[in-house]
Amino acid sequence: MYKYATAIGADITRFSIRVAVIRMEGEVICEETFPLKSKQTKDYILSELNQAISLMRQKVAAEAINPITIGISASGFIDHERGIVLGPGHGIKDWTNVPLAKIINKDTGLPVFVGNDANLMTIAEQRYGAANGYRNVIFVALRSGIGGGIVINGNLYRGVNNAGGEIGQMIINFSGGISETGIRGSFEHFASASALVRRYNEEKGTDRGSNAKITARDIFELSYKKDKIASRVVMENAMLVGIGLSNLITIFAPEIIVIGGGMAEARDSYIDMIRESAFSNSLENCRAEVKIERAALGSRSALIGAAVYSLTRLAGKTI
């Protein structure tokens with residue numbers, strides 16, 4: 001019924017709202033990015049989101065394309081049945097317990113479905129990306145934080161209260177620092193892009209304020225140029241990412257782990273170091289069939305996942 005239908009996929013990120021019109025089979029017809037100012041409130045985000053959706057609808061209407069539903073990707077805990085963003089706010093004022101689906105439905109007149117960003121990225125990669133054809137999948141989003149999603153026997157695992165899959169919060173070093181979430185020694189605290197930047201500044205002997213503009217991408221670029229400090233912290237980071245993945249391998253014995261997020265755009269040598277660490281620190285029987293691959297859909301995965309999720313839900317199916 002919905003094979004040729006189109007949906008709007010929207011992805012609310014820290015720095016932008018990204019919107020696309022997408023067909024059920026994952027084809028991206030049109031895509032736009034709308035930058036956000038640094039200080040954000042609930043009302044501001046809702047206004048910018050509505051404007052972005054309206055502009056996208058106008059753009060594709062000229063080609064006689066009429067999306068029938070909207071899927072929204074947001075970070076944090078989501079009540080996906082009711083489309084409520086529970087929080088945390090991630091820097092957006094009043095961004096907790098927001099009935100996002102209801103608000104956007106009222107403003108647009110279209111059915112709206114909301115999902116956690118990492119879960120929607122997982123759905124997209126499992127259906128159309130690097131994990132296509134696999135039924136037991138773990139997706140890990142390496143970015144400023146670490147998110148993830150788990151597919152077991154072809155179904156997205158949500159856990160109680162839709163709270164499952166928070167891969168970034170597993171503990172890999174209990175004697176380590178306390179993260180922003182208050183968890184000691186978390187995977188996210190030690191292996192995220194933010195952690196890479198922190199470690200570079202520590203090794204460089206600069207504080208965060210004096211070298212605030214350095215990014216994970218900059219550090220990778222320096223490592224390619226054989227900068228000793230950058231090379232050392234990238235290697236350390238890959239080892240720590242691999243440690244986290246080794247835990248997932250030993251617990252779940254998945255068919256494939258897909259690495260996404262901005263850090264997955266690094267060169268193959270980084271992914272190879274992660275594989276070496278993960279496989280050397282996991283049980284042989286558990287790792288025997290596991291593949292560790294880079295995500296195939298890149299930054300579009302959340303958009304594709306959101307749109308396909310909304311079309312699937314509109315058809316009365318769970319995902």
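The values are calculated or read from the model by the stated rules, or taken from the named source; none is laboratory data. None of the values given here were measured: they were computed from a predicted structure. Cβ sites come from the backbone with ideal geometry, for glycine too, and all protein chains shown count toward neighbours.
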Exercise. Quick check: anything in the stretch 217-233 loosely packed, with under 14 Cβ neighbours inside 10 Å, modelled with pLDDT of 95 or more and part of a loop (DSSP other than H, G, I, E, B)?
Worked result: yes
For this session: Of the conditions (1) more than 19 Å from the chain's Cα centre (by Cα); (2) at pLDDT below 95; (3) at positive phi, Gly261 clears all except one; give me its number.
Result: (1)
Seminar exercise, completed: When (1) closer than 17 Å to Arg127 by Cα; (2) out of contact with any helix residue (DSSP H, G or I) (no Cβ under 7 Å at 6 or more places or on another chain) are applied to Glu289, the one that fails is (1)
For this session: Considering every residue within the stretch 170-186, establish whether at least one is within 20 Å of Arg275 (Cβ to Cβ) and not in a loop (DSSP other than H, G, I, E, B).
Result: no
Exercise. Within the stretch 279-303, can you find the residues that are more than 27 Å from Val21 (Cα to Cα) and assigned to a helix (DSSP H, G or I)?
Worked result: Phe279, Ser280, Glu284, Asn285, Cys286, Arg287
Exercise. Among the residues of the stretch 105-151, which ones are within 20 Å of Ile22 (Cβ to Cβ) and among the acidic types (Asp, Glu)?
Worked result: Asp117, Glu125
For this session: Would you mind finding the one in Ala315, Ala295, Ala264 that is surrounded by fewer than 20 Cβ atoms within 10 Å (Cβ to Cβ) and closer than 30 Å to Val112 by Cβ?
Result: Ala315
Problem set entry | Hey, Gly115 of a type outside the set (Ser, Thr, Tyr), touching a residue at least 24 places away in the same chain (Cβ under 8 Å), crowded, with 24+ Cβ neighbours inside 10 Å and part of a helix (DSSP H, G or I) or not | no
Problem set entry | Among the residues listed as Ala141, Ala195, the single one being surrounded by 23 or more Cβ atoms within 10 Å (Cβ to Cβ) and without any contact (Cβ under 8 Å) to a residue 60 or more places away in the chain | Ala195
Exercise. Has the stretch 271-285 got at least one residue that is within 24 Å of Asn155 (Cα to Cα) and assigned by TED's automatic domain parsing to the domain that holds Gly176?
Worked result: yes
Seminar exercise, completed: Those residues of the stretch 143-157 which are in a strand (DSSP E or B) and among the small types (Gly, Ala, Ser) amount to Gly147, Gly148, Gly149
Exercise. Got at least one residue in the stretch 243-251 being more than 25 Å from Gly154 (Cβ to Cβ) and either surrounded by fewer than 21 Cβ atoms within 10 Å (Cβ to Cβ) or assigned by TED's automatic domain parsing to the domain that holds Phe174 (or both)?
Worked result: yes
Exercise. Within the stretch 82-112, can you find the residues that are among the acidic types (Asp, Glu) and either in a helix (DSSP H, G or I) or outside the structural domain of Ser47 (by TED's automatic domain parsing) (or both)?
Worked result: Asp107
For this session: Considering each residue of the stretch 40-54, count those that are without any contact (Cβ under 8 Å) to a residue 40 or more places away in the chain and either more than 18 Å from Ser73 (Cα to Cα) or touching a Phe, Trp or Tyr at 6+ places or on another chain (Cβ under 7 Å) (or both), and give that number.
Result: 1
For this session: Tell me, yes or no, whether the stretch 146-162 has at least one residue that is farther than 25 Å from Gly298 by Cα, touching a residue at least 24 places away in the same chain (Cβ under 8 Å) and more than 16 Å from the chain's Cα centre (by Cα).
Result: yes
For this session: Starting from residues that are of a type outside the set (S, T, N, Q) and surrounded by fewer than 15 Cβ atoms within 10 Å (Cβ to Cβ), keep the ones in the stretch 177-192 and report whichever is modelled with the highest pLDDT.
Result: Arg184
